[in-house]
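Colleague: My questions all concern the structure below.
The values are calculated or read from the model by the stated rules, or taken from the named source; none is laboratory data. Predicted model only: the values in this text are computed from it and were never measured. All Cβ positions, even for glycine, are placed from backbone atoms using ideal geometry, and neighbour counts span all protein chains on display.
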Protein chains: 2
Amino acid sequence: MEAELKEMLNDLDSLKQSLPDPSNLASSILKLQSRVEHLTKLAKSAPVRRTKVQDMSAEVVDSNPYSRLMALQRMGIVDNYERIRDFSVAIVGIGGVGSVAAEMLTRCGIGRLLLYDYDKVELANMNRLFFRPEQVGMTKTDAASQTLSDINPDVVLESFTLNITTVQGFETFMSSLRNKSFRPNKEGSGVDLVLSCVDNYEARMAVNQACNELNQTWMESGVSEDAVSGHIQLLIPGETACFACAPPLVVASGVDERTLKREGVCAASLPTTMGVVAGLLVQNTLKLLLQFGQVSPYLGYNSLKDFFPTMEMRPNPQCSNAACLERQKEYLLVKPARDAAIIAKMEAEALSVPEGPLHADNEWNISVVDDSEPERTDATSSDALPDGLTRELPAADEFQKFPAAEPATATFDDIEELRKQLDALNAD
Amino acid sequence: MEAELKEMLNDLDSLKQSLPDPSNLASSILKLQSRVEHLTKLAKSAPVRRTKVQDMSAEVVDSNPYSRLMALQRMGIVDNYERIRDFSVAIVGIGGVGSVAAEMLTRCGIGRLLLYDYDKVELANMNRLFFRPEQVGMTKTDAASQTLSDINPDVVLESFTLNITTVQGFETFMSSLRNKSFRPNKEGSGVDLVLSCVDNYEARMAVNQACNELNQTWMESGVSEDAVSGHIQLLIPGETACFACAPPLVVASGVDERTLKREGVCAASLPTTMGVVAGLLVQNTLKLLLQFGQVSPYLGYNSLKDFFPTMEMRPNPQCSNAACLERQKEYLLVKPARDAAIIAKMEAEALSVPEGPLHADNEWNISVVDDSEPERTDATSSDALPDGLTRELPAADEFQKFPAAEPATATFDDIEELRKQLDALNAD
């Protein structure tokens, strides 16, 4: 707009010089000139973009957007922070969780982000972070690309305005995940991680299908319809349960979710719960990609009681997803070597840790059930939900009924067996 | 800018009509007109603000910014969501946590926000959420007011560009908290809650002093220098420990924090940890103000292990803060009635809950010590931090040394005594 206004000033100057009778017109033109000068000042205060940064530097100067991130190396948290520029992350669903996850990864300087959504920004989204009222009417992918490229032009952004649950949308989704142009030498697919931030079962099943087919590690996230609980979950095809192996703790029970909106009913949402879930999701992502801390296989968030259950889920050998069964077979082939490594690690740990109580068998009473029978959490009378909705997470009370020897962590018989083998070894 | 351009078009029209010789000038002016028309189109795509909303409605339409919040009532989570418009919240420190907390409260439609900071936006802040590169150089209070009023013009924003640790700054801080113009009938101070989102000990002590003097409930928050843990804490003068009663688990040990920055060293920070801490802080705020769920007295976040310790801290009768001792005396006067109520509630609960193990005495080994001896968490060899810094939270391992009968919650002898009295009553 600045160049435009400069040209206008030049035009006005030449207009002035060509005037035959400058009496009346001169003052009009002076008035116009001062107005244009004012406009120029206004235009100068409009957004400017920061320039790209060639290399991430740890230098502590106010102008370095990466100083606080590179400090993670000096603090001994991360070995090589700059590796983050090599990674591609796909985010499916740019809503209350996905948009914040995208902003966090952008500010962390992720190499490449792929964004998928088909929806438009509405004023009704303003109770969650990220989108702004002036973006109402834009597609979420366009609005997100605009904001994110302003925040960090170093990130390679690719956005796809499509619905992954349609045949065409799913095909484009698959081919975009396969595309290796960003890092041609990468093994497997073209992305390092897929984050599912969608709000319905159908879309989660589509992400699950794609990731099982591509042998692609992904993370699932969700927030309950009553806005006060949520979860994140890591899914590694063949190694952990896939989304079809174990029914999600969160599903609208049988009711077509689209009818909810149509009938003038909407789910509640809060920027707090979604911000926390996005934060836990991206923290888990950073831990996985940059190899620090412990990556959580599942982490729940019950905000009413500030309770954070964790657990692990094995794949279901009767899973209805054919690609999952393929991945399970492949995993079983490499399993003996991995088990040996786990036992060796446990032995090493056992030597340095004092004796304590071991897990009780299946202390959390968790069972893998067929996905044709979604697990229902009975709503208690005091916490009743409308018909067709179930709580995403059981209340903390329900977990607390089972006394825990360790913080809320449940594992499956698989690991139990390993522990028994370990005990046998230690008894020798 | 649109009005400005419209006037310019009018001016050009009258200029055209007053022309004595329209030959050459006419085409110049036509050119100018088309340029201004183009500018008008550009200006129309520039930010527009959403209009104010008189009453919060639960109507499910795309244009309702509050539909997803009012749904909390229908879901049975909150009795009266619209009450949020009555509340004033003061946020001290508009950095990585405070800015996100302010945005969350703004999007939730809080009545009034008071913002305090003296710092300016720098590119080095871009690794945390909220501020944008085009705001570099603005004060954080100005930049925040700009963004927040665009997001939700219904919120009454008051910003104070000052340092509360100076004499003048502290006085302005105090008088702004006392100001009751927003809700003249309110008891106590003019705000419902103060959120401390500062990054240093001195500023926390200033907030503590102000809140003790005003008998003002507040919440403290913090993130460790290594960016991977944080906490929130509720402080009720006289009832809970004040910030001077118990040394914070987080302090830079003895080193003047300002020297850290000066010497080319900076703390690490992550948008994830800060987003989670802001989310937990504002969630606790919503629970306190709108009376739902359980308000956490203290909640830690150890992101490396996804461990969330909780505890309660009683006031220290030897606290060095005179105003705290005053509040403790006042609280002791009303305590007998409150204890009776707690016992009655526990009895009612005991009738409906099966017998289980009670707390072991001081199972977490937590003790209240004088603030002249800050508690030190010894850095382990594998997790060593640079000189002058201590971890904000002990690693999860350290907590796990003490087997827990219940999830990580510690209470003090005070409540223990109540439980003993309850046992005695039940034994009758």
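Colleague: Which is of a type outside the set (Val, Ile, Thr) and touching a Lys or Arg at 6+ places or on another chain (Cβ under 9 Å), of B:ASN185, B:ASN208, B:ASN200?
Modeller: The conditions single out B:ASN200.
Colleague: Residues of the stretch B:54-109 being assigned to a helix (DSSP H, G or I) and touching a Pro at 6+ places or on another chain (Cβ under 8 Å), which ones?
Modeller: B:ARG74, B:GLU103, B:MET104, B:ARG107
Colleague: Taking the condition in contact (Cβ under 8 Å) with a residue 12 or more places away in the chain, in contact with a Phe, Trp or Tyr (Cβ under 6 Å, 6 or more places away or on another chain) and buried (at least 22 other Cβ atoms within 10 Å of the Cβ), does B:CYS197 pass?
Modeller: Taking the combined requirement at face value, the residue does not satisfy it.
Colleague: Further question: Find all pairs meeting these conditions: Cβ atoms under 8 angstrom apart; at least six residues apart or on different chains; first residue within the stretch B:96-109 and on the phi < 0 side of the Ramachandran plot and not assigned by the TED database to the domain that holds B:LEU286; second residue among the basic types (Lys, Arg) and surrounded by fewer than 24 Cβ atoms within 10 Å (Cβ to Cβ).
Modeller: none
Colleague: Within the stretch B:312-341, can you find the residues that are within 24 Å of B:HIS231 (Cα to Cα) and assigned to a helix (DSSP H, G or I)?
Modeller: The answer is B:CYS324, and nothing else.
Colleague: Being of a type in the set (Val, Ile, Thr) and within 19 Å of A:ASN127 (Cβ to Cβ) is the filter; apply it to the stretch B:81-110 and report the residue that is surrounded by the most Cβ atoms within 10 Å (Cβ to Cβ).
Modeller: Within the stretch B:81-110, the match that is surrounded by the most Cβ atoms within 10 Å (Cβ to Cβ) is B:VAL100.
Colleague: Might you let me know whether the stretch B:42-57 holds any residue that is loosely packed, with under 12 Cβ neighbours inside 10 Å, closer than 19 Å to A:MET8 by Cβ, out of contact with any strand residue (DSSP E or B) (no Cβ under 6 Å at 6 or more places or on another chain) and at pLDDT 70 or above?
Modeller: no
Colleague: Of everything in the stretch A:289-311, what is at the interface with chain B (Cβ under 7 Å from one of its Cβ atoms), among the polar types (S, T, N, Q), in a loop (DSSP other than H, G, I, E, B) and farther than 18 Å from A:LEU270 by Cα? Give them in sequence order.
Modeller: A:GLN294, A:SER296
Results for (1) free of Cβ contacts under 8 Å to residues at least 24 places away in the same chain; (2) over 13 Å from A:THR285 (Cβ atoms), shown as yes or no for each residue.
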residue	(1), (2)
A:LEU69	no, yes
A:GLY76	yes, yes
A:ASN80	no, yes
A:SER88	no, no
A:GLY93	no, yes
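Colleague: I've got another one for you. Give me the residue from the stretch A:1-39 that is modelled with pLDDT under 70 and within 7 Å of chain B (Cβ to nearest Cβ) and, out of that set, surrounded by the most Cβ atoms within 10 Å (Cβ to Cβ).
Modeller: Once the filter is applied, the top-ranked residue is A:MET1.
Colleague: Further question on the same structure: Say whether the condition of being within 14 Å of chain B (Cβ to nearest Cβ) and modelled with pLDDT under 95 is met by at least one residue in the stretch A:271-288.
Modeller: No, the stretch A:271-288 contains no residue that is within 14 Å of chain B (Cβ to nearest Cβ) and modelled with pLDDT under 95.
Colleague: Of A:THR165, A:THR141, which residue is more than 9 Å from chain B (Cβ to nearest Cβ), touching a helix residue (DSSP H, G or I) at 6+ places or on another chain (Cβ under 6 Å) and of a type in the set (Val, Ile, Thr)?
Modeller: A:THR165
Colleague: Looking at A:SER159, A:SER176, which one is out of contact with any Ser or Thr (no Cβ under 9 Å at 6 or more places or on another chain), at pLDDT 95 or above and not charged (D, E, K, R)?
Modeller: Within the list A:SER159, A:SER176, the selection yields A:SER176.
Colleague: Does the stretch A:208-218 include one or more residues that are within 14 Å of chain B (Cβ to nearest Cβ) and touching a residue at least 60 places away in the same chain (Cβ under 8 Å)?
Modeller: No, the conditions are met nowhere in the stretch A:208-218.
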